[in-house]
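Note sheet for the following structure.
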Amino acid sequence: MKTKNLVQHDKTKHVEVDRHSIKEKIEDSSIELTFVKLEDHLTDIFTKIVTDKTFIRFLSKLSISDPTAHLEGEC
């Protein structure tokens, strides 16, 4: 007997649609993927422990000058 997990299928169906859409855009040159060196992954600042030097460099790339500055009207 063959069973299908319809709940799982509904949750992952959009991933397949997105994957095919992106693949088509790459093939027709609408978008281009570029290589990013491991040490330049800006998302690491949000997901990993990084060195002080890397943290400051990433803040600069994200146009954040002083993360400890108080916002106007802050209590």
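The values are calculated or read from the model by the stated rules, or taken from the named source; none is laboratory data. Keep in mind it's a predicted model, so treat the numbers as computed, not measured. Backbone-built Cβ (ideal geometry, glycine too); neighbour counts: all protein chains shown.
Annotations
- Within region 17-29, one or more residues are of a type in the set (D, E, K, R), surrounded by 10 or more Cβ atoms within 10 Å (Cβ to Cβ), modelled with pLDDT of 90 or more and touching a Ser or Thr at 6+ places or on another chain (Cβ under 9 Å).
- Evaluated against (1) surrounded by 10 or more Cβ atoms within 10 Å (Cβ to Cβ); (2) modelled with pLDDT of 90 or more, Ile56 falls short on exactly one condition, (2).
- Scanning region 17-60 for residues that are of a type in the set (Ser, Thr, Tyr) and either in a helix (DSSP H, G or I) or in contact (Cβ under 8 Å) with a residue 12 or more places away in the chain (or both) yields Ser21, Thr47, Thr54, Ser60.
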